[in-house]
Amino acid sequence: MANVNQHFLELQGSYLFSEIAKRRTKFIQDHPEAELISLGIGDVTRSLPDAVINAMHEAVDELADSGSFRGYGPEQGYDFLIQAIIDGDYKTRGVSLDTNEVFVSDGSKCDVGNIQEIFSQDSIVAVQDPVYPVYVDTNVMAGRAGTFNSATNRYDNITYLSCNADNDFKPAQPTSRVDLIYLCYPNNPTGMTLTRAELEQWVQYAKANNSIILYDSAYEAYIQEEDVPHTIYEIEGAKEVAIEFRSFSKTAGFTGVRCAYTVVPRELKAKDANGQEVLVNDLWNRRHTTKFNGVSYVTQRGAAAIYSPEGREQIATLVDYYMTNAAIIRDGLKSLGLQVYGGVNAPYIWLKTPNGLDSWAFFDKLLSEAHIVGTPGVGFGQSGQGYFRLTAFGSRENTERAVERIRKLSL
Ligand SMILES: *Cc1c(COP(=O)(O)O)cnc(C)c1O
């Protein structure tokens, strides 16, 4: 028999969503008449914008004709999309990028999961806690996380940056040096953001410590407030220390269509075993072109259409719809005296569970008394204990009904 990669056996079961499904199924069996509302999922529900649909239809027609047919495209993405990204998402923010600094892919989950491959096995990794599980699990698979300690609910070799109400969900910088820092803003699951000045401090930390920031900005489109940076490269010097991940999933309803991109500036350097400087961009380019064969032409045409005037207007409408839901949840829960975070620059509302209930006890209460499914905060990490996540991705009607039901609970 062959040996398996032992590191995979250090992974903890995806306890969170399987446990939610289990409790939900049991509740439905016991109460078949109950109308459940799910505010737990991190998936969008509104259909694709017209501009995207039209562009995709046209692209399909092009493929139907041998004269305009396209086979394999560039692994890094077509120039028409890369240029639209550079002009639409960066030039508008005063950031210039070259076309070889943008890598189009089929999702940010893959990109944030794969990026660790190009860094040394002994890299020290820091993550926010609570956290999007992909960052941790992919480092576990690579053997960087050490063993899981069930008493602390944490891996021995990962540096966890606690985010809680006391620090306004803005983690303190690591007290000992780390190589890689995953930051997610606007944050999933807490919905919180950093100001420009606060992000500047992270860039300074990375410069002072020769660290690299892996900046996941999947929810950039939801930013409403002025002082929240739209890209880490708005911060001076960030190109020397940061990789940025963006996705069309939450921006334009692409969770099923699949398209995202990663920016790896040519200024970003790391060192090899002999201490010689290596351009991180060269390594990512090599990795991407070796292991990935490009996003479909039809999808890239759809993504590029987001940057047209109609496309921009339509995604603004989409984001408005979800952010109105977010305000309904946020204001509704606040008026009940609950402590509520997020929901201002992100489609997630993070609440402190009332009366000191732990995350799962509140999950059960909400399910059994209000027939609402949410996500227990502790599922995202130990610092999420005593918190709970609701999402704004539902329909308006369900969002309003859910808040009415919560209003009737005795909390
Ligand atoms: C949804 C999400 C993504 C995007 O994933 P895709 O693979 O592009 O759909 C990335 N990071 C976080 C934190 C997310 O919540």
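Rolling a 1.4 Å probe over the heavy atoms of the protein chains gives the chain an accessible area of 44 Å² per residue.
Amide H to amide H, with H built 1.01 Å from N, I212 comes under 5 Å of L180, I181, counting only residues 5 or more places away or on other chains.
Using the Cβ of E10 as centre and a radius below 15 Å, the other residues enclosed give a net charge of 0, where K and R count +1 and D and E count -1.
Taking all protein chains as they are arranged and a probe of 1.4 Å, the heavy atoms of F254 leave approximately 0 Å² accessible to solvent.
Taking every alpha-carbon pair under 8 Å whose residues sit at least 6 apart, the range 109-221 reaches a relative contact order of 26 percent. Working note: Karplus 6.51/-1.76/1.60 with θ = phi - 60° gives the range 294-310 the couplings x, 7, 4, 4, 4, 5, 5, 5, x, 5, 5, 5, 4, 8, 6, x, 5 Hz, where Gly and Pro are set to x. Distances between placed amide hydrogens fall under 5 Å for L161 paired with V127, Q128, D129, all partners being 5 or more residues away or on another chain.
Would you mind counting up the charge near A305? Only other residues with Cβ under 11 Å from its Cβ, with Lys and Arg at +1 and Asp and Glu at -1. Net charge in that neighbourhood comes out at -1. Among H31, H57, H371, the sequence by solvent-accessible area, most first, with a 1.4 Å probe is H57, H31, H371.
Here the translational diffusion coefficient of the range 292-352 follows from Stokes-Einstein with Rh set to the Kirkwood radius across Cα pairs; for 10 °C and 1.306 mPa s it amounts to 115 µm²/s. Residue by residue, the range 59-73 carries 3J(HN,Hα) couplings of 5, 4, 4, 4, 6, 7, 10, 4, x, 10, 4, 10, x, 4, x Hz when phi is fed to the Karplus relation 6.51 cos²θ - 1.76 cosθ + 1.60 (θ = phi - 60°); x denotes Gly or Pro. Ordering S18, S47, S162 by accessible surface, largest first, gives S47, S18, S162; the 1.4 Å probe counts only protein heavy atoms, with every chain in place. The relative contact order of the range 68-108 comes to 47 percent, based on Cα pairs under 8 Å that sit 6 or more residues apart. In terms of its Cα atoms, the chain spans 60, 55, 52 Å along the principal axes, sorted from long to short. Taking amide H as placed 1.01 Å from N in the peptide plane, S247 has its amide H under 5 Å from the amide H of Y261, each at least 5 places away in sequence or on another chain.
Atom-type composition of the exposed protein surface of the chain places 48 percent of the accessible area on carbon and sulfur (1.4 angstrom probe). Of the listed residues S395, S217, the order by accessible area with a 1.4 Å probe, largest first, is S395, S217.
For the range 35-42, putting each phi into the Karplus relation 6.51 cos²θ - 1.76 cosθ + 1.60 with θ = phi - 60° gives couplings of 9, 6, 10, 9, 10, x, 6, x Hz, in residue order, rounded to whole numbers and with x for Gly and Pro.
The values are calculated or read from the model by the stated rules, or taken from the named source; none is laboratory data. Just so it is clear, the structure is predicted and the values come from calculations on it, not from any experiment. In this analysis, Cβ positions are derived from the backbone assuming ideal geometry, glycine residues included, and neighbour counts consider all displayed protein chains. For the accessible areas, the whole protein counts, side chains as well, though only heavy atoms, and no ligand, DNA or RNA atoms are used. Shrake-Rupley method; radii C 1.70, N 1.55, O 1.52, S 1.80 Å.
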